[in-house]
Amino acid sequence: MKIIVLAAGKSTRFKSKKHKALHELHGKTILERILDTLWELKPTQIQMVLGHQLEQISQELKRGETVTEQKEQLGAGHALQIGLKGLTHDPDGFLVVYGDTPLFRSQTLAALIQSTKQHGASIGVLTAQAPNPFGYGRIIKEGEFVKSIIEEKDANAEQRQITEINAGAYYLRLTPEELDEGLANLKPQNSQKEYYLTDLVEWANQKGLKVVRHFCPDFDEVLGINTRAELAQAYQILSERRIKELQSEGVTFINPASTTMSPQTTIAADTVIYPNCYFAGQTSIGSDCQIGPNCYIESSMIGAGTTIRQSQVVKSSIGQGCWVGPFANLRPDTKLSDEVHIGDFVEIKNSKIAFRSKVPHLSYIGDAQIAEDVNIGAGTITANYNAISGEKSLTQIGREVKVGSNSVLVAPVQLADGCFVAAGTVVTEDVLSENSLVVGRFPQEVKQDWVTQKKKKLGKKK
Ligand code: UD1
Ligand code: CA
């Protein structure tokens, strides 16, 4: 079985510099999502018809898809004619889909193929019931057969009332001669002056060829993305689909409607997701976690029993039994071992923090390696950036080190196991002997009665 994907159109209604097929939908492009689904059907070839932004789209084709160019966008029927030039005929038939319908399940397309074959039909058309059919081609049917498809812009008032629509997936089992004749018969005599692929249906009926409809009960699958509003709907549909699956696997969502969930997210049972969380990319979360409210989690791994409150976690890994937040910012390549505590207003990037260590308040930790059982006092900063050389350097902190509040660790710098850093110290040199105290501040000076004397001198009573 072979597949033709028609994606040469200008995507005018999307109003973007970038072709709509290259827009992101939960961490993958619309195109990538369609191709993921189509490759699941194990076709022997996927033939793309491209035109507008052909080069940019071709660069994203990584799995051996072949390309033919439709130089002028004269309609989907014309695009199919061009697509066929890249295929040798397959008597088994071939599937035609559009490049802007990324929500099909592969099982639905497989069922369309099977039902076309079972009916001995020459064409199978996937249809669905649309809550609002505006913009879709309407199905003129007779029982299980399709007589014709009328586009919105060509439909009369009565036809516009029809709510069964053309989903935009076809299985064609026409001979090369029939295809030539059918395509040659298409005429751009319609409101859009285009060669409509959908007109093949009426032609086939006139020839006495069977055109069967395969009904998809879930309209969400057939959503075509022509506008930004439809892109938003697609985000919502994929998110809701995944949340339902996760609920059935034992995950609690306190307010699922407020959560956005990428389809690539996995979450183990008995984890609770609080309101207003956004899960992007490919994230895996263990069991018995509490995430949210108000978290942004992207492409990260989170171990079992961890709590994350009101925080951002990007491309990071967090162990089991950790506490993060509220208001923590874990930037890429943060690696927390088990039972690590990261508190409020703490930013971490490209750093490893070992078992049971704590960064509880108001810190920046960048390019650091922190061993086990360390406590980093409030307001501690790793000064990892040299503004002259532009280099970033490493801070290494040994086991059981206690860093006092408001210290600055100027990298590259190392603190041996068991060292204490007095509050307010600026550590500029390595401390390599274990269990040392490092103090780097002026000794305290007390001038007794200084305030009274000063006021008297200025003639102030209070
Ligand atoms: C199309 C169908 C409509 C169906 C709907 C489902 C036609 C005439 N209409 O309408 O019945 O209900 O999809 O989503 O087919 N394309 C080309 N070359 C062209 C024109 C279009 O490759 O010259 C491609 C587009 O890039 C797009 C696809 O064909 O991926 C469909 O075109 P689009 O303009 O989106 O058709 P719709 O109006 O959505
Ligand atoms: Ca469309």
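Taking the Cα atoms only, what angle lies between the long axis of helix 228-248 and the longest principal axis of the chain, rounded to 10 degrees?
Roughly 70 degrees between the two axes.
Hand me the tally of lysine pairs in the range 302-410: alpha carbons under 17 angstrom apart, and the pair either on different chains or 8 or more positions apart.
Pairs that pass both the separation and distance tests number 11.
Looking at the range 126-213, which GluC sites (Glu not before Pro) are in a loop (DSSP not H, G, I, E or B) and have at most 14 other Cβ atoms within 10 Å? All intermediate terms of the calculation are to be shown ahead of the outcome.
Details: sites: Glu142, Glu144, Glu151, Glu152, Glu158, Glu164, Glu177, Glu178, Glu181, Glu194, Glu202; in loops: Glu144, Glu151, Glu194.
Here the GluC sites (Glu not before Pro) that fit, given the DSSP loop and packing criteria, are Glu144.
I'd like the Karplus ³J(HN,Hα) series for the range 164-175: coefficients 6.51, -1.76, 1.60, θ = phi - 60°, whole numbers in Hz, and an x wherever there's a Gly or Pro.
7, 10, 7, 6, x, 9, 10, 10, 10, 10, 9, 6
Using a basic spin-label model with each label point 7 Å from the Cα along Cα→Cβ, how many nm lie between Thr227 and Asp180?
If labels sit at Thr227 and Asp180, their model points lie 4.3 nm apart.
Using 0.36 nm times the number of residues separating Glu142 and His361, minus their current alpha carbon distance, what extension gain do you get? Walk me through the intermediate numbers first.
Working: separation 219, 0.36 × 219 = 78.84 nm, distance 6.98 nm.
Computed gain between Glu142 and His361 is 71.9 nm.
Roughly how large, in nm² to one decimal, is the mean projection of the convex hull of the alpha-carbon atoms in the range 299-346?
On the way: hull surface 10.2 nm².
That works out to 2.6 nm², a quarter of the Cα hull's surface.
Run through the DSSP bridge list for the chain and note the antiparallel percent, rounded to the nearest 5. Numbers along the way, then the final one.
Details: 20 of 106 bridges.
Percentage antiparallel, nearest 5: 20.
Tell me, Lys315, Lys207 in order of fewest to most beta-carbon neighbours within 10 Å? Please list the in-between numbers first.
Details: Lys315 16, Lys207 13.
Going from least to most buried by this count: Lys207, Lys315.
When N counts the residues of the chain, how does its alpha-carbon radius of gyration compare numerically with 2.2 N^0.38 Å, as a ratio? Don't skip to the end; give the middle numbers.
Details: Rg = 31.5 Å, N = 462, 2.2 N^0.38 = 22.6 Å.
Dividing the Cα radius of gyration by 2.2 N^0.38 Å gives 1.39.
So, in nm, how far is label Lys117 from label Asn276 when the simple model puts each one 7 Å beyond its Cα toward the Cβ?
About 5.2 nm separates the two model spin labels.
Antiparallel DSSP bridges in the range 288-398: what percent, to the nearest 5?
Values: 1 of 36 bridges.
Of the beta bridges lying entirely in the range 288-398, close to 5 percent run antiparallel.
Roughly how far apart, in whole Å, are the Cα centres of the range 129-201 and the range 42-114?
18 Å
Could you work out how much longer the chain between Gln159 and Glu249 gets when fully extended? Use 0.36 nm per residue separation minus the Cα distance between them, nm to one decimal. The partial results should precede the final answer.
Working: separation 90, 0.36 × 90 = 32.40 nm, distance 4.34 nm.
Separation in residues times 0.36 nm, less the Cα-Cα distance, equals 28.1 nm.
Checking the a/c ratio against 1.5 first, then a/b against b/c, what shape does the Cα gyration tensor give for the range 263-352? Please list the in-between numbers first.
On the way: a/c = 1.27, a/b = 1.25, b/c = 1.01.
Rounded, since a/c falls under 1.5.
For Arg242, Arg13, Arg441, which order do you get if you count the other beta carbons within 10 Å of each Cβ and list the fewest first?
Values: Arg242 21, Arg13 16, Arg441 13.
With the sparsest Cβ surroundings first, the list reads Arg441, Arg13, Arg242.
Would you mind telling me the antiparallel percentage of the DSSP bridges in the range 83-221, rounded to 5? Don't skip to the end; give the middle numbers.
Numbers: 17 of 23 bridges.
If we restrict to bridges inside the range 83-221, about 75 percent are antiparallel.
Quick note: the coordinates plus some simple rules give every number you see, no bench work behind them. Bear in mind that the values here come from a model prediction, so they are computed numbers and not experimental data. Heads up, the Cβs are rebuilt from the backbone with ideal geometry, glycines too, and the neighbour counts pull from every protein chain shown.
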